[in-house]
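Since the structure comes first, as structure tokens, the remarks are kept for the end.
The values are calculated or read from the model by the stated rules, or taken from the named source; none is laboratory data. From a predicted model like this one, the values you see are computed outputs, not experimental measurements. Note that each Cβ is placed from the backbone with ideal geometry, even for glycine, and that neighbours are counted across all protein chains shown.
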Amino acid sequence: MKRRAYGRDAGLTLRMLLTTGLLGLLYVIFAVVLFQVLNVGLVPMLLIVVGLAFFQYYTSDKLALAAAGAKVVSREEAPALHDMVERLCAMADLPKPKVAIMDTPMPNAFATGRSPKHAAVCVTTGLWDRLEPKEVEGVLAHELSHVANRDVLVMTLASFFATLAALLTRFGIYGGIFSGGGNNRDNNNGPPVWLIVLVVSILVYFLSYILIRTISRYREYAADRGSALITGTPEYLMSALQKISSQMTLIPNRDLREVEGLSAFFIVSPRVKSALGELFMDHPPIEKRLAALAQIAREMGRPVA
Amino acid sequence: MGLRDVLFGKKKLSEPKSDRLFALATAAVTLDTELGLKPAGVGAIAFKPQSSGEFRSAFDEVDQLVDAVAQQFGSKVERKSDEYGYDWIIVRDPELEDLVASAHTLASELTAKGFGSLLLAAIFRFDGYEHPVYFIYGFKRGAWWPFVPAGDSKRDNAKELELKSQLERELPIEQDLTRWLALFDAPV
């Protein structure tokens, strides 16, 4: 008897496809505009961005760990944590990643690394101390699902052109201020090239920002589902999420700002809730994640011939 | 995982590969005659129980079957839960073949009921060296690896690698060392 992969959310798949498609379309338009308007200097710029993306991609595990101030721990230093990770990896059929601990009272966890073979999972001391072992396990399984789903690769690819647009915006501003922008052949009529590039880049950056965050939210749902799948007990991840999000607000802001740049990697975003709401968040609201997990819990173990 | 699974974040749990469990019974001769390792008469299987009612009722049937098989072989069965939330079924029997066959029955019954992806590992104990030597079978990979704990959550990697090289021809050994799961508190 085959069992249906529970939590297979057709709507989520469709929304992911739509967002990814929109982002791709946006990038194609951006590339076309760039080639049409700015046919000089694009190659070096592309090289820079490709280089940056590669650097980010290849060093993602070390970079994120270093940026978070996390320390890779050996089995002797944290045997229980290693045991937990090893077993979950065996369940999920993943190689064992590096295990790191971040010394902060804020309960959280993140995973990073370009592929399952070069991955690292990190938990904060706050998470380890404040949560029950089974809740920690649910959180670790969520992070391992990110690794299995290759979310670092997906997000690096997704943000590639956003980085290019951000760079161009800066170049555009400097170019406009310092050279007056008059270095293109058909500059006599119509707005200056640098202005077009600037406006397009700002637009691309703004739109891709929203789309990337939307993808990031979908990946969170997917990782929550993965965690339910690996542990078989979504209720512990649910209680962990509730604990983490309720404690997050109790802890002073200093810790939050230190890890701001890594926000998308954490299990619960350390960002304070934005007034603009969900569109700009890299994580879905806790209530929605809990509702999705409750749905998975209901579906679990229901055989489909 | 295919490209589609990556794109949509569709990690699935793989189905267990139980058929290579029996390889240990074949390798036992070499273990005894060439390496001086004798089966300690105990083996266990670990799995992650689901909280759903469906799983509970399916598992009750499997559980009864395990008891029936144990009665037939004349082996003793124990059940335990550990602090990580895994359930263990421990079988004691002087015959290694019976241990392996019990483990295989449990695995294939669980698989037949659709819960095979919950199987973590099977572990069998051997004695003869300073520390007990364990052979662990990973159901996701369908491969074996040695596990030699040397007290205090340390493992004797040298001994393990030595066993790997000596047994490679007899046992399907897991080649990726990052997947050599340790089971320090295994109740065997």
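Being more than 12 Å from B:Leu24 (Cα to Cα) and not in a loop (DSSP other than H, G, I, E, B) is a property that B:Lys140 lacks. For segment B:26-67, a residue qualifies if it is assigned to a helix (DSSP H, G or I) and hydrophobic (A, V, I, L, M, F, W, C), and the qualifying residues are B:Ala27, B:Ala28, B:Val29, B:Leu31, B:Phe55, B:Ala58, B:Phe59, B:Val62, B:Leu65, B:Val66.
Within segment B:137-188, restricting attention to residues that are facing chain A (nearest Cβ under 8 Å) and in contact with a Ser or Thr (Cβ under 6 Å, 6 or more places away or on another chain), which residue is surrounded by the fewest Cβ atoms within 10 Å (Cβ to Cβ)? Within segment B:137-188, the match that is surrounded by the fewest Cβ atoms within 10 Å (Cβ to Cβ) is B:Phe184. Scanning segment A:211-237 for residues that are under 13 Å from A:Arg150 (Cα atoms) and touching a Lys or Arg at 6+ places or on another chain (Cβ under 6 Å) yields a single hit, A:Gly226.
Assess whether B:Arg169 counts as being touching a helix residue (DSSP H, G or I) at 6+ places or on another chain (Cβ under 7 Å) and farther than 21 Å from B:Val42 by Cβ. Give the derivation first.
Details: touching a helix residue (DSSP H, G or I) at 6+ places or on another chain (Cβ under 7 Å): no; farther than 21 Å from B:Val42 by Cβ: yes.
No.
Within the bounds of segment B:124-133, is there any residue that is touching a residue at least 12 places away in the same chain (Cβ under 8 Å), among the charged types (D, E, K, R) and farther than 22 Å from B:Arg92 by Cα?
Filtering segment B:124-133 for residues touching a residue at least 12 places away in the same chain (Cβ under 8 Å) gives B:124-129, B:131-133.
Within this subset, residues satisfying the condition of being among the charged types (D, E, K, R) are B:125, B:127.
The next check asks that each one be farther than 22 Å from B:Arg92 by Cα; those that pass are none.
Checking segment B:124-133: not a single residue is touching a residue at least 12 places away in the same chain (Cβ under 8 Å), among the charged types (D, E, K, R) and farther than 22 Å from B:Arg92 by Cα.
Residues in segment B:1-49 that are closer than 29 Å to B:Val77 by Cβ and modelled with pLDDT under 85: 7 in all.
Just so you know, in segment B:64-82 the residues that are touching a residue at least 12 places away in the same chain (Cβ under 8 Å) and over 16 Å from the mean Cα position of the chain (by Cα) include one that is farthest from B:Ala28 (Cα to Cα), and it is B:Leu65.
For segment A:95-135, which strands (runs of 3 or more DSSP E) that fit wholly inside it have 3 or more residues that are within 21 Å of A:Glu220 (Cβ to Cβ) and away from chain B (no Cβ under 13 Å)? Give the steps one after another, and end with the answer.
Working: elements: A:98-102, A:109-112, A:120-124.
Counting at least 3 such residues, we get A:109-112, A:120-124.
When you check B:Leu99 against the structure, is it away from chain A (no Cβ under 14 Å), part of a helix (DSSP H, G or I), at pLDDT 90 or above and within 25 Å of A:Lys98 (Cβ to Cβ), yes or no?
On the way: away from chain A (no Cβ under 14 Å): yes; part of a helix (DSSP H, G or I): yes; at pLDDT 90 or above: yes; within 25 Å of A:Lys98 (Cβ to Cβ): no.
The answer is no for B:Leu99.
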